[in-house]
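Novice: Input: one structure, supplied below.
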Amino acid sequence: MTVRFLAQRSLQLDDFFLIFACICLTGAIAIVQWGISVIYQMAQLSLEPPKPDSPTDLFRLIGRYQKIIFAFVTLSWAAIFAAKFSYLFFFRHLIHRIRPLVIYWRVVITFTIMAAILSMLQNLIACILVDSQACGFSSSSADSTLTDAAVKCGQGFGFTRALRTGICMMTLDVVTDLMSRDLLPDQCFDG
């Protein structure tokens, strides 16, 4: 990217996607570093069950943990898919005269956009939107509603639903990788 900028004095769309991926990845790492104490506290709670004298603090901790994880997962998926879009737009320039590949590229880009949206909304789909109380139909405040949803998401059926959603998103990630790979001739992958 630096060589292209120095040689051409301009950046292409694929370069901007790569820059965006770097920003998202940096943000995800920063969020985890900022919230590492909460993550360690949750790990400690899994080893030693909490005392029943402070459930409010426990619910706040769970809510903070879920917010950190939600932000981390969203930014991580954004970085992954921004890198995919960088790859796809880079190869768009190479295949722009081969009509069957252009049509296939459009199918891949459409599928990748849908997968990216679903992946970035993974926690929202798994933990918040499915629960009617978490959608704001409760009379409690929004912060306590999100905390209630976070608690429900981390245990029992909520945890199973979140795990299944995560597996589906990883499967979509692999499928989009395989679809993107087919844009290149097989000779590029021979050893």
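The values are calculated or read from the model by the stated rules, or taken from the named source; none is laboratory data. Please read these numbers as outputs of a predicted model, since none were measured by experiment. Reconstructed Cβ throughout: ideal geometry from the backbone, glycine too, with neighbour counts over all protein chains shown.
Novice: If you check every pair at least six apart or on different chains, which have Cβ atoms under 8 Å apart with a residue in segment 15-36 that is within 12 Å of ALA79 (Cα to Cα) first and a residue that is buried (at least 17 other Cβ atoms within 10 Å of the Cβ) and of a type in the set (Val, Ile, Thr) second?
Specialist: Close Cβ pairs (under 8 Å, with a partner that is buried (at least 17 other Cβ atoms within 10 Å of the Cβ) and of a type in the set (Val, Ile, Thr)) amount to ALA21/ILE80.
Novice: If I filter segment 93-115 down to residues being of a type outside the set (A, V, I, L, M, F, W, C) and part of a helix (DSSP H, G or I), which single residue comes out as modelled with the lowest pLDDT? Working first, answer last.
Specialist: Pass one, segment 93-115, residues of a type outside the set (A, V, I, L, M, F, W, C): 93, 96-97, 99-100, 104, 106, 110, 112.
Among the residues that remain, those that are also part of a helix (DSSP H, G or I) are: 93, 99-100, 104, 106, 110, 112.
Details: HIS93: 82, ARG99: 87, PRO100: 87, TYR104: 90, ARG106: 93, THR110: 94, THR112: 94.
Out of the qualifying residues, it is HIS93.
Novice: Moving on to the next point. Confirm whether PHE137 is of a type outside the set (Gly, Ala, Ser), within 12 Å of the chain's Cα centre (by Cα) and modelled with pLDDT under 90. Step through it out loud before you land on a result.
Specialist: Working: of a type outside the set (Gly, Ala, Ser): yes; within 12 Å of the chain's Cα centre (by Cα): no; modelled with pLDDT under 90: yes.
In short, no.
Novice: A follow-up question, please. Give me the pairs, please: first residue somewhere in segment 93-113 and under 21 Å from ALA82 (Cβ atoms), second residue anywhere and of a type in the set (A, V, I, L, M, F, W, C) and modelled with pLDDT of 85 or more, beta-carbon distance under 6 Å, and either six or more positions apart or on two chains.
Specialist: Close Cβ pairs (under 6 Å, with a partner that is of a type in the set (A, V, I, L, M, F, W, C) and modelled with pLDDT of 85 or more) amount to ILE95/LEU101; VAL108/MET179; ILE109/LEU88.
Novice: Name the single residue, out of those in segment 13-71 being in a loop (DSSP other than H, G, I, E, B) and among the small types (Gly, Ala, Ser), that is modelled with the highest pLDDT.
Specialist: So in segment 13-71, the residues in a loop (DSSP other than H, G, I, E, B) come out as 35, 48-54.
Of the ones still in play, those that are also among the small types (Gly, Ala, Ser) are 35, 54.
Numbers: GLY35: 89, SER54: 64.
Taking the candidates together, the pick is GLY35.
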